[in-house]
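Notes to accompany the following structure.
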Amino acid sequence: MTDAGTRWKARVRLALAARSVDRATADTVLDEVDLHCAQSGETPEAAFGTPEEYAAAVARDRIPPEERTGRHWHGLTRSDHVFAALARTGVAVLVVGACAWAAVGTRLTVTPAGLVGSVLTGVAVPSTCLTATLAHARARGAVGWGAVALTTLLLAAAAFTALPTTVLGRIPTPTVSVLGVLLLWTATRYEPAPDHEKLTDKSQAEPESWLVDLPRLLEERHGLSRARATELTREAAHHLTSTGCDPLDEFGPVELYALSLAETQAAPRTRWWMRNDVQAATLTVILVGYLVANLASHGPVWETALAAAALAAQLALFAPHLLRERTAKSTPR
């Protein structure tokens, strides 16, 4: 097989892994590709399409629909997103508290600038975490929460720099870490929604809720736009009205029908600010700016070391991504 064919197979393996297809199934389908190409003389891409298209077809054909519903990586409810963001916030607060404890000791000075800035940052951190979870899940609300996070971050920066630094008092530094522990404890007590088997059983027991659940599943679980979800639901309702059929008898469980509809839709175009390379580049610029500013102001050595380590880790993760993108673009089609 040519280098182009080898690269095609490697990209198929990655795409199959992203869809939770096990190694044995991947080996089987790629052996079938080799056999077909050897007999027909076609290239893999000419015979089977792009790696992403072929991986999606394999997932549809080789994995049962009930299992694909459970494997849907962004199949989370709105409460799941909120509590995932809460857990991330707890970790961030816990780390900040530990760093502050190591840097300033057991007593933390309270000033107007620090108080207002910390409160605004306390709003910005969970908003940022919620934006991240919603964006990765392609769920509604990511842009709105992103705007809240950005606005509060800018206001926090203005508060830290513009408000007076008069000492109002002192509080124990471990209080910050305790707050982080409380947030994590709250997040761990959350009980997620029932799994897909239980939900499917519920939809079979309550057919009257079928048309109510369909647009919600299409929009929140599968990332379709509200207009498209409404349109597909309207089409299903029109068909049921004209035929007089029960939705469960005609289409099956609502979760499986929503999955089948979502898989026939074109993948939503990722907005540029949600792309992994843009986010990685932005984080790299922020870390470089922080490191340079800390060096120029002769800041604490531990902050410089922490920023340098974070920058090195980010570059180590970002560089291979750029190389893969460059290789993919240079691959002949």
_Criterion first (in a helix (DSSP H, G or I), among the aliphatic types (A, V, I, L, M) and either within 17 Å of ARG11 (Cβ to Cβ) or modelled with pLDDT of 85 or more (or both)) does VAL33 satisfy it?_
yes
*Any idea which of (1) of a type outside the set (Val, Ile, Thr); (2) in a helix (DSSP H, G or I); (3) modelled with pLDDT of 85 or more is the one PRO164 doesn't satisfy?*
(2)
_Test for ARG7: is it more than 30 Å from THR186 (Cα to Cα), more than 24 Å from the chain's Cα centre (by Cα) and at pLDDT below 85_ = yes
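Only one of ALA87, ALA149, ALA124, ALA142 is surrounded by fewer than 20 Cβ atoms within 10 Å (Cβ to Cβ) and either of a type in the set (A, V, I, L, M, F, W, C) or modelled with pLDDT under 80 (or both). Can you tell me which?
That would be ALA87, the only listed residue that is surrounded by fewer than 20 Cβ atoms within 10 Å (Cβ to Cβ) and either of a type in the set (A, V, I, L, M, F, W, C) or modelled with pLDDT under 80 (or both).
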*Does the stretch 223-251 hold any residues that are under 29 Å from the mean Cα position of the chain (by Cα) and assigned to a loop (DSSP other than H, G, I, E, B), and which are they?*
GLY223, LEU224, SER225
*Would it be correct to say that ALA47 is modelled with pLDDT under 85 and either surrounded by 13 or more Cβ atoms within 10 Å (Cβ to Cβ) or within 27 Å of LEU259 (Cβ to Cβ) (or both)?*
no
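The values are calculated or read from the model by the stated rules, or taken from the named source; none is laboratory data. Remember, it's a predicted structure, so these values are computed and weren't measured experimentally. In this analysis, Cβ positions are derived from the backbone assuming ideal geometry, glycine residues included, and neighbour counts consider all displayed protein chains.
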